[in-house]
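The structure under discussion appears below in the form of C-alpha cells.
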Amino acid sequence: MDHPQRHSLPQDLSDSLKEATMEVHTLAENVEFMRNFQKGQVTRKGFKLVMASLYHVYVALEEEIERNKDDPVFAPLYFPEELHRKAALEQDMAFWYGPRWQEAVPYTAATHRYVDRLQQVGRREPELLVAHAYTRYLGDLSGGQVLKKIVQKALDLPSSGEGLAFFTFPNIASATKFKQLYRSRMNTLEMTPEVRQKVIEELFEELQELLTQDPEDQHPSQTAGLHHHASSQQNAFQFIIHKWNTTSQVSGCAWCRDIQFMQSYMYLG
C-alpha cells in the first residue's frame with residue numbers, strides 16, 4: 001500500500017492524518033454496505049461481535065496508553081476521564097453476553113492480531129500510539145455517534161442507552177470542541193519528519209489490519225485478490241469496495257471489521 005510522501009505532508013500532524021484519510025472517506029461513503037447500514041440493516045449477532053472486538057481492542061489500547069502516559073511522545077494526548085472506553089465496554093459486555101460475560105466474549109484471530117500490534121507499538125514504538133488513539137477515539141466521537149443512533153433504532157434497544165455505553169462520553173460536553181483540543185495537542189508533539197511519516201504509515205497499517213479477513217472468512221479468489229490489489233492504496237480500497245458490493249453473504253467477523261472500518265475512517269474529518 002502506497003503512503004503519502006514526506007515532502008507532500010502538511011505541516012501539522014493533525015492535518016497530515018486528515019489528508020491521508022481523505023481518499024478513504026470518499027470511497028467508503030459510496031459502498032453498498034454503508035448505504036444498507038444507514039437503512040438499519042443490522043443484526044444482533046453481528047453487532048455483538050462488533051462490541052466484543054471493540055472490548056479487546058480498547059483494553060489493549062488503554063493498557064498501552066497507561067504504560068506511556070508520562071512519555072513526551074504521547075503524554076499530551078492522555079485524556080483518561082474523557083476518552084477511555086474500558087469501563088463502558090464492560091457494561092456493554094454484561095448487557096450483550098450476560099453476567100458471566102468474561103467467559104463468553106469471543107476473541108477472533110483478526111482482533112488478536114490487532115491487539116498484538118497495539119502491544120508491540122506500546123512497548124517498542126510508543127510514538128506510533130498516536131495513530132491508533134487518533135483513529136479510535138476521534139472516530140468514536142464522530143462516526144460512532146451515527147452508528148449508535150442507527151443501531152439503537154434497528155435493534156430496538158432501550159432509550160436509556162443500555163448496551164451502547166461505549167458510544168456515550170459523559171465527560172465531554174462538546175465533541176466538536178474536544179476534537180479541536182485533541183488535534184491541537186497532537187500538533188504539539190515533537191516529531192522528526194521521519195517519525196511523522198511512520199505515524200502516517202501506522203495509520204494505514206491499522207486500516208489494512210481491519211480489512212484483513214481470517215482464512216475462514218475468505219474465498220480463495222478474494223485472498224489472492226487482496227495480495228494482488230494491496231500494491232497501492234487506491235487499488236486496495238477499491239478491492240474492499242468490490243468485496244462489499246459483490247458478497248451476498250457477509251460473515252459475522254467480516255461484518256464486524258467493516259463496521260469498525262466505517263466508524264474509524266469515514267468520520268474522522
Candidate set from the stretch 168-183 (those that are within 26 Å of SER16 (Cα to Cα) and free of Cβ contacts under 8 Å to residues at least 40 places away in the same chain); member that is most open to solvent (accessible area, probe 1.4 Å): LYS177
Per-region count, the stretch 53-73, residues surrounded by 16 or more Cβ atoms within 10 Å (Cβ to Cβ), within 22 Å of LEU13 (Cβ to Cβ) and touching a residue at least 60 places away in the same chain (Cβ under 8 Å): 5
In the stretch 42-88, the residues that are in contact with a helix residue (DSSP H, G or I) (Cβ under 7 Å, 6 or more places away or on another chain), small (Gly, Ala, Ser) and closer than 26 Å to ILE150 by Cβ: GLY46, SER53, ALA88
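Would you mind finding the one in ASP92, ASP140, ASP116 that is touching a helix residue (DSSP H, G or I) at 6+ places or on another chain (Cβ under 6 Å), part of a helix (DSSP H, G or I) and either open to solvent by less than 20 Å² (accessible area, probe 1.4 Å) or not aromatic (Phe, Trp, Tyr) (or both)?
ASP92
The values are calculated or read from the model by the stated rules, or taken from the named source; none is laboratory data. On a predicted model such as this, the values are computed, not experimentally measured, just so you know. Counting neighbours? That spans all protein chains shown, and the Cβs are built from the backbone with ideal geometry, glycine included. Accessible surface areas use protein heavy atoms only, side chains included; no ligands, DNA or RNA. Shrake-Rupley method; radii C 1.70, N 1.55, O 1.52, S 1.80 Å.
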